[in-house]
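**Student:** One structure is given below, represented as structure tokens, and several questions about it will come after.
Every read-out reported here was derived from the displayed coordinates using simple, explicitly stated rules and does not represent laboratory data. No experiment lies behind these values; they were computed from the predicted model shown. Positions of Cβ are backbone-derived with ideal geometry, glycine not excepted, and every protein chain shown enters the neighbour counts.
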Amino acid sequence: MNHVRILLLALAAAALSACQPKTAATASADTSPPVASVDGYPISRDFYEFYIKGVTGGKASADLNAQQRAAALDNLIRGRLVEEQAVKEGLDKSGDTQYYLVLARLNVLEQATQEHYLKERKPTEQELRAEYETQIASMPKTEYHARHILVATEPYAQKVIERLDKGEKFEVLAKNDSMDSSKANGGDLGWFMPNRMVPEFSAALIGLKPGEYTHKPVQTQYGWHVIQLVETREVSPPPFDQVHQKLEQMVQAKKFRLYTDELMHNAKIERFLDQPAKGQAPGEVSTPGAAGSPGASVAAAGPATPAAAAAPSSAPAAAPPPASAPASSAPTTPTRN
């Protein structure tokens, strides 16, 4: 498990436990001596070492100099004080914070359960070979090399096709007219599997012969495309040894999925999502009315898609001086999924 992820989830879980009554059971969970005390709340040696390991990629506090050790402890103390203040102000029970805490606990315990369950269930060679054959069978058998020209409107794309029909070069038109970043390479997208592109693009591409381009504009969520198939080649599956680690992950994921399926089968589960309330017509949902008035009933326009919850802007306790992680970048080719 990624050390930084362990750190962030552990700190959130620690915040959760801080909200609970300090019973003898919780107090004895970590019996290591404290490295500091904040308003009577101990920061244990084991938790401090866990924090150091997370922010340094596996080092112990003994591997750091005195200044770095002090900075790490200072971060934990500040984090504890901020957490304490947040609890005093009731922030742990307000807005989305309470849900972040619950989800952090779920994530930590799910990961711990998964590691515990799979510890004695290592994938066998036979299981890995079977998974390898399954993956190979589902792989596309052909790889494509293509170019495209992306424009904003269908009439514009149609004019590009007409110019191609008159003999103008695809690469030249792509450089001059395409909105895609691939224009710098004459619209060249290189080699790719069809499942790497949006469905409309892939369907049009697969219907072409090498050297042929689409004679009708192809619409996707990105605009209108004129697509040219350059060539195709047979896909060579990767050797078993090259994907061994990935296969292990796949087999383990399937095993844990079956385990959770069993838990669900043996549990008493009642689902109330999208079920009409008593006395309410199907297809209607209740919405709260103004204060003191009954809720209004409105026709449901289909399930709303909830926005993804934004992660907290910073961890409860910042890491000591290490370099920051690089920001991820989005792919530049707009047709890719």
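**Student:** Order these by the 10 Å Cβ neighbour count, fewest first: MET250, MET264, MET139. Could you put the intermediate results ahead of the total?
**Tutor:** Values: MET250 18, MET264 9, MET139 12.
Ordered from fewest to most neighbouring Cβ atoms within 10 Å, MET250, MET264, MET139 come out as MET264, MET139, MET250.
**Student:** Now, a different point. Which of GLU143, GLU234 comes first, and how do the rest follow, when ranked by fewest Cβ neighbours within 10 Å?
**Tutor:** Details: GLU143 16, GLU234 7.
So the residues, fewest neighbours to most, are GLU234, GLU143.
**Student:** Can you list the residues, at least 5 places off or on another chain, whose amide H is less than 5 Å from the amide H of ALA146, using H built in the peptide plane?
**Tutor:** Residues meeting the criterion, in which the H sits 1.01 Å from N, are LEU189, GLY190, VAL230.
**Student:** Could you put PHE47, PHE170 in order, starting from the residue whose Cβ has the fewest other Cβ atoms within 10 Å? Please list the in-between numbers first.
**Tutor:** Details: PHE47 18, PHE170 22.
Taking fewest neighbouring Cβ atoms as first place, the list is PHE47, PHE170.
**Student:** Right, another one. Longer than 27 Å from Cα to Cα, which of LYS53/LYS255; LYS93/LYS119; LYS141/LYS254; LYS175/LYS209 are they? Say none if no pair is.
**Tutor:** The pairs that break the limit, which is 27 Å between Cα atoms, are LYS53/LYS255; LYS93/LYS119.
**Student:** I need to check one value: relative contact order of region 140-234, counting alpha carbon pairs closer than 8 Å and at least 6 residues apart, in percent. Intermediate results must be reported in sequence, preceding the final value.
**Tutor:** Working: 178 pairs, mean separation 40.6, N = 95.
Dividing the mean separation by the residue count of region 140-234 yields 43 percent.
**Student:** Sticking with this one: Explain nothing, just compute: Karplus ³J(HN,Hα) = 6.51 cos²θ - 1.76 cosθ + 1.60, θ = phi - 60°, for every residue of region 100-107 in order, whole Hz, x for Gly and Pro.
**Tutor:** Running phi through 6.51 cos²θ - 1.76 cosθ + 1.60 with θ = phi - 60° gives 4, 5, 5, 5, 4, 5, 4, 4 Hz.
**Student:** Separate question: Note down the relative contact order for region 120-195 as a percent, whole number, built from C-alpha pairs under 8 angstrom at least six residues apart. Write down the numbers at each step before the final one.
**Tutor:** Values: 70 pairs, mean separation 29.1, N = 76.
Over region 120-195, the number comes to 38 percent.
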